[in-house]
Amino acid sequence: AVAAFYPVFSAATTGLVSASPDWVALFRLYGASRWRELWSLRLMAALPSIFAGLRTAGGLAVIGAIVGEFVGSNGSPPTLGYLIVFSARSAELGLCFAAVAVSAGLALIFLAVVGAAEQKLVGRWFGA
């Protein structure tokens with residue numbers, strides 16, 4: 001969670017301030033409340049940045065989980081991190097590479113899910 005939080009937070013913060021000053025002025029001219037400006041303008045302008053942060057966070061979450069399993073897993077139930085450490089120590093390179101490949105596949109699945117959500121939510125507005 002720690003590894004995945006910062007990219008999303010950083011991207012969201014950057015995206016929230018990226019709204020066009022002209023649009024902000026227009027919202028204020030029409031008397032939009034701060035909540036309406038946040039929800040209808042700033043959050044919508046931040047969506048591409050938020051999804052970029054989520055794409056980064058997906059891979060970092062897998063890496064963080066594997067590293068956490070290196071340290072904290074006792075092998076019951078067998079986790080990917082434990083399998084990588086155990087197979088590397090016992091010279092079972094096939095199992096080690098298979099566990100690393102499954103980890104990479106898991107990160108790619110996260111990337112694909114976030115990409116599909118981005119295409120559905122953002123694609124029509126930002127030409128993605």
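The values are calculated or read from the model by the stated rules, or taken from the named source; none is laboratory data. Worth saying up front: this structure is predicted, and the values here are computed from it rather than measured. No Cβ is skipped: glycine too gets one built from the backbone with ideal geometry, and neighbour counts run over all protein chains shown. Remember, those area values only see protein heavy atoms, side chains included, never the ligands or the DNA or RNA. Shrake-Rupley method; radii C 1.70, N 1.55, O 1.52, S 1.80 Å.
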Check your understanding: With respect to the numbered conditions (1) of a type outside the set (S, T, N, Q); (2) at pLDDT below 90; (3) open to solvent by less than 70 Å² (accessible area, probe 1.4 Å), which one is the sole condition not fulfilled by F70?
Key -> (3)
Exercise for review: Would you be able to tell me the number of residues in the stretch 1-56 that are of a type in the set (A, V, I, L, M) and touching a residue at least 40 places away in the same chain (Cβ under 8 Å)?
Suggested key: 12
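Could we say that V24 is in contact with a Leu (Cβ under 8 Å, 6 or more places away or on another chain), within 23 Å of A116 (Cα to Cα) and β-branched (V, I, T) here?
no
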Check your understanding: Is it the case that S40 is open to solvent by less than 40 Å² (accessible area, probe 1.4 Å) and part of a helix (DSSP H, G or I)?
Key -> no
Check your understanding: If you go through the stretch 1-37 one residue at a time, how many are in contact with a helix residue (DSSP H, G or I) (Cβ under 7 Å, 6 or more places away or on another chain), among the polar types (S, T, N, Q) and open to solvent by less than 70 Å² (accessible area, probe 1.4 Å)?
Key -> 2
